[in-house]
Every structure is written in structure tokens, then in C-alpha cells.
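The block underneath contains the structure these notes are about, expressed in C-alpha cells.
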Amino acid sequence: MHDDGRYDDPRVTGSAGDPVSRETDYPSWSPEGPSIRPPDRDAAAGPGGVEPVLPEPPAARAAPDVPRAGNSAGGRVIPIRRNASASARFESAVPQQPTPDSVPDATPEPVPVTDPSAPLVGSPGATAAEAAYVSRETPTREEDDPPLAMEAMRAVQILNPSGEVTMPRPERTRVMCVANQKGGVGKTTTTVNLAVALALHGNRVLVVDLDPQGNASTGLNVPHHTGVPDVYDCLINSVPLEEVAQGVEGIPNLWCVPATIDLAGAEIELVSVVARESRLARAIAAYPGHFDYVFIDCPPSLGLLTVNALVAAQEVLIPIQCEYYALEGLNQLINNINLVRQHLNPKLDVSTILLTMYDRRTRLADAVEQDVRNHFGDKVLQAVIPRNVRVSEAPSYGQSVMTYDPGSRGATSYFEAAQEIAERGVKEPVGRNA
């Protein structure tokens with residue numbers, strides 16, 4: 001075999017005298033070579049004006065040796081054979097497209113005509129192949145509902161501008177104490193957002209801020225500066241609760257009992273008060289109005305304020321941060337709840353566990369969730385509150401995340417948690433003793 005632009009291998013060409021050029025590997029190449037037509041097209045045309053395709057004569061395939069200019073050795077020109085068919089193909093710089101006149105067998109493809117009587121795709125009379133066909137122009141679910149539209153739909157669902165009662169109302173008042181002696185687990189955030197979610201959907205809700213920091217009052221935009229009547233007056237001075245409760249602006253079914261810095265001294269002052277553990281319970285029971293839910297936001301401790309909340313409540317909601325430290329002190333909280341149940345409030349029950357600050361990117365959050373669900377079982381809500389910056393931004397504007405950004409993941413998660421709490425209250429009796 002000689003590498004001079006052709007192949008002389010009989011296994012490829014069929015004969016040694018019929019070289020095959022390496023330049024003939026284009027799609028329209030054929031071993032017979034190009035069809036040669038007579039010069040006079042009209043004279044060569046047969047009956048009906050169709051030109052016959054004549055076979056290539058053998059002499060056209062065996063081209064004579066043509067000397068290549070500039071290729072010499074010792075003053076002698078080396079003859080190099082060229083492929084005549086390849087030369088004929090590359091004479092024109094731009095390939096010509098075949099026309100119906102030059103290609104007799106080329107006939108235009110028929111245009112498909114839709115039968116008006118044929119069944120449409122997806123109709124009962126359509127075949128399985130037709131039913132499986134989906135046009136690329138068919139809009140998908142994502143095209144029909146872009147992210148902004150989906151967020152707007154969630155916002156309308158959460159805000160409930162019509163004011164309809166979309167969450168079931170309990171038969172009697174559910175007093176829920178949101179407690180955990182571990183700080184920073186989301187007690188105040190959970191209290192505020194659950195209360196707003198339930199109030200927006202037709203429930204009458206009262207929030208009692210029992211934390212001297214007054215964060216729940218800040219989240220609901222309720223004044224709680226020095227001199228404002230607060231829960232301290234109810235506990236120490238026996239002021240009626242209706243004189244202290246304030247309506248939350250923008251949410252007609254929500255009221256809040258604020259807390260000021262004066263509540264920090266209530267721990268010491270309650271020591272010498274008669275029936276110090278049940279002061280809050282009597283204040284709530286004496287309220288003349290009716291509430292569907294009463295949420296008590298407890299301080300991050302197990303002092304007398306938390307004991308007052310446990311005595312006044314029927315259910316305990318424990319928010320648990322998906323980290324190890326949140327689990328470490330949970331046993332002590334459960335022990336204190338059991339002591340209050342045995343001696344002060346036999347109706348008290350840990351009814352709800354809510355997982356907060358869940359970070360799905362970490363294995364630790366998944367491990368904590370599995371441990372909590374294995375230990376508490378059905379008491380753990382299916383809704384999990386993820387880490388969301390909107391939840392942290394909302395208090396700086398004096399709002400809950402439900403009204404600050406109702407389409408965010410945090411608002412959607414708290415809405416699902418509130419809906420689950422409302423449905424559980426209807427299915428199960430309130431005030432059960434576990």
C-alpha cells in the first residue's frame with residue numbers, strides 16, 4: 001500500500017487497477033462513480049422528456065497518469081495517478097443541489113392532510129400511539145404556573161382575604177403553652193406565626209406574652225414600653241385580663257397581652273403571693289370573651305412564670321431546634337411537666353412537638369428529626385419549619401412572616417403547622433390526660 005492519496009488494496013477496491021481516493025468518503029459517493037449525461041439534454045431525453053442515466057464507461061474510471069508539478073526526484077518527474085471521479089467531483093467549489101429536472105426519481109413528499117372526522121389525540125376514539133404523542137408546543141405545568149404565580153397563589157391562600165373560616169374551630173377554648181427552657185429554639189416565633197395563621201382563617205386567638213423580653217409583643221407590633229398595662233399587672237395586682245389585652249392591628253381576630261420589663265421582677269414578687277402557681281390560670285378563666293386558642297409564650301427558664309403557664313394550659317407545645325443542644329435539656333422539661341401534672345394540673349399534656357430551624361443540607365438535622373419522631377411518635381407535627389431568612393426579618397418590621405412575606409417557605413411551613421394543629425384539635429378531645 002502506498003500512502004500517496006489513494007489505496008491499492010484489492011480487498012478494498014476489488015482490483016489493483018481501480019484505486020480508491022481517500023477524498024471520496026462523502027455521503028453521495030458510490031463505487032460506480034458519477035453518472036455521465038450526454039451534452040445534448042433534449043436530444044438524449046427519452047419518451048416523456050425523462051433523461052436516462054447512462055452507466056459510466058470503463059475508460060472513465062481508469063484515468064491516465066498525470067504528472068504533478070513540482071514533484072520530482074533527481075530531475076525525473078514521478079507520475080502520480082489521479083482518480084478521475086474525484087477530480088470531477090471537486091471541480092466545482094460549491095456543491096450544486098439536485099433539482100427535480102436533474103433527478104428524475106425525486107418527487108415532492110405529499111403534505112399530510114388532517115382528516116376532520118379523525119378522533120383527536122386524547123379522545124376516547126384515539127389509538128394508544130396517538131394518545132402517547134405530545135407536541136413540543138404543549139405547555140407544561142411549569143409553563144402554566146411559573147414560580148411567581150405559584151408564590152402569589154400561596155400568598156392568597158395564607159392571607160385569606162375573603163375572611164372565610166378555612167381552619168376548623170374547636171368546640172371549646174384550647175389553651176396551649178409554648179415552652180422550652182432552651183433559649184433560641186423558636187418559641188416566640190412559633191407563637192406569633194401560629195397565632196396569626198389561625199386568626200387569618202377564622203379563629204379567635206389570644207396571645208399572652210409571659211417573657212420579660214417582650215419579643216412576642218414586638219412581633220405583633222403591640223406597644224409594650226414602660227407604663228403600658230401588661231401581664232405583670234394581672235399576676236401581681238389582679239387586674240382583669242380584658243383591661244390589658246390589646247387588639248393586633250390588621251388582624252381582627254387576634255389579641256395580645258403584652259409584657260414589659262416589669263415582668264422581670266415578678267419571679268421574686270410571686271414567692272410570697274398566695275396560690276402563686278395559679279395566678280395566670282384564674283386570670284384567663286375570668287376573661288368574659290370566648291377564644292378558640294390561647295397561646296402562652298414562656299420565658300427560657302423553669303421558674304414561676306413557666307409554672308404559671310403550665311398550670312393555666314391544657315396542652316404543651318414544645319418547639320425543638322434540630323440540633324443536639326435542644327435535645328439535651330428536653331428530659332428535664334418533660335420531668336417538670338410530669339410534676340405539674342401530678343400536683344397542680346392533671347389535665348396537662350404534651351400534645352404537640354414542632355421541629356424548627358431544619359436545615360436539610362445537614363445529616364445532623366435528619367438525625368435529630370428521626371430521634372424525636374421515634375421517641376414522641378404521632379405528637380410530632382408532619383410540618384417542619386426550615387431555616388428561612390424571611391422569618392428572621394419579619395420582627396424588624398413589626399410583623400409576622402405570615403403578613404411580611406406570605407409566599408415564602410417559612411410562611412408556608414407555619415401555615416401547614418397551624419392547619420395540622422387545628423385539624424388535630426377537632427379529631428381528638430381537648431384536655432385529655434396521657
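The values are calculated or read from the model by the stated rules, or taken from the named source; none is laboratory data. None of the values given here were measured: they were computed from a predicted structure. Don't worry about glycine lacking a Cβ; one is built from the backbone with ideal geometry, like all the others, and counts go over all protein chains shown. Only protein heavy atoms, including side chains, enter the accessible area calculation; ligands, DNA and RNA are left aside. Shrake-Rupley method; radii C 1.70, N 1.55, O 1.52, S 1.80 Å.
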Set of region 373-400 residues, backbone N closer than 15 Å to the point 7 Å along the Cα-Cβ line of R363: none
Over region 212-292, what is the relative contact order in whole percent, taking alpha-carbon pairs under 8 Å and six or more residues apart? 36 percent
Report R204's accessible area, 1.4 Å probe, all protein chains in place, as a number in Å² to the nearest 10. 80 Å²
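With an 8 Å cut-off on Cα pairs and a minimum separation of 6 or more residues, tell me the relative contact order of region 145-280 in percent.
So the answer I get is 23 percent.
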Grab the beta carbon distance between M150 and L339, set R0 = 56 Å, and tell me the FRET efficiency rounded to 0.05. 0.70
Label-point separation, Y397 to Q157 (7 Å along Cα→Cβ), nm: 2.1 nm
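Residues of region 239-280: accessible area per residue at 1.4 Å, in Å²? Don't jump to the answer; show the numbers that get you there.
Values: 2010 Å² over 42 residues.
Ligands and nucleic acids excluded, the figure is 48 Å² per residue.
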Sequence-distant residues sharing a close amide H with I320 (under 5 Å, placed H): L354, L355, T356
Could you go through region 157-169 in sequence order and give the Karplus-derived ³J(HN,Hα) for each residue, using 6.51 cos²θ - 1.76 cosθ + 1.60 with θ = phi - 60°, rounded to whole Hz, and x for Gly and Pro? 5, 6, 6, 6, x, 6, x, 6, 7, 9, 9, x, 9
V380 long-range amide H proximity, modeled H, under 5 Å: I353
Residues whose built amide H sits under 5 Å from the amide H of D349, excluding neighbours closer than 5 in sequence, are E315, V316
Quick one: Karplus J couplings for region 214-223, per residue in order, coefficients 6.51, -1.76, 1.60, θ = phi - 60°, nearest Hz, x for Gly and Pro? x, 5, 5, 5, 5, x, 9, 6, 9, x
Order of 236-243, 213-220, 300-307 by packing, highest average Cβ count within 10 Å first? 213-220, 300-307, 236-243
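Is the shape of region 278-382 rounded, prolate or oblate, going by the alpha carbon gyration tensor and its root eigenvalues a ≥ b ≥ c, with a/c under 1.5 for rounded and a/b larger than b/c for prolate?
On the way: a/c = 2.34, a/b = 1.91, b/c = 1.22.
The shape class here is prolate.
Under the classification rounded if a/c is under 1.5, otherwise prolate if a/b is larger than b/c and oblate if not, where does region 345-434 fall, given a ≥ b ≥ c as square roots of the Cα gyration tensor eigenvalues? It would help to have the intermediate numbers written out before the result.
On the way: a/c = 2.40, a/b = 1.36, b/c = 1.76.
Oblate, since a/c reaches 1.5 and b/c is not below a/b.
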Phi-derived 3J(HN,Hα) across region 200-206 with the Karplus relation (6.51, -1.76, 1.60, θ = phi - 60°), rounded Hz, x for Gly and Pro, is 5, 10, x, 9, 8, 10, 10
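Does region 185-271 classify as rounded, prolate or oblate by the C-alpha gyration tensor (a ≥ b ≥ c root eigenvalues; a/c under 1.5 gives rounded; else a/b over b/c gives prolate, otherwise oblate)?
Details: a/c = 2.11, a/b = 1.62, b/c = 1.30.
It is prolate, given that a/c is not under 1.5 and a/b is the larger ratio.
Starting from the residue with the highest accessible area, list E393, E171 in decreasing order, probe 1.4 Å. The partial results should precede the final answer.
Working: E393 60, E171 185 Å².
The ordering from most to least exposed comes out as E171, E393.
Are there trypsin sites (Lys or Arg not before Pro) in region 306-381 that DSSP puts in a loop and that have at most 12 other Cβ atoms within 10 Å, and which ones? Provide the component values of the computation, followed by the final result.
Values: sites: R341, K347, R360, R361, R363, R373, K379; in loops: K347, R360, R361.
Passing both the DSSP loop test and the Cβ count: R360, R361.
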Would you list K187, K182 from the most to the least accessible area, probe 1.4 Å? K182, K187
Which residues in region 246-260 place their backbone N less than 15 Å from a point set 7 Å from the Cα of N221 along the Cα-to-Cβ direction? 247-256
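Work through the residues other than D405 whose Cβ is under 15 Å from its Cβ and net out their charges, Lys, Arg +1 and Asp, Glu -1.
Working: positive: R154, R387, R390, R409; negative: E151, E393.
Neighbour charge sum, excluding D405 itself: +2.
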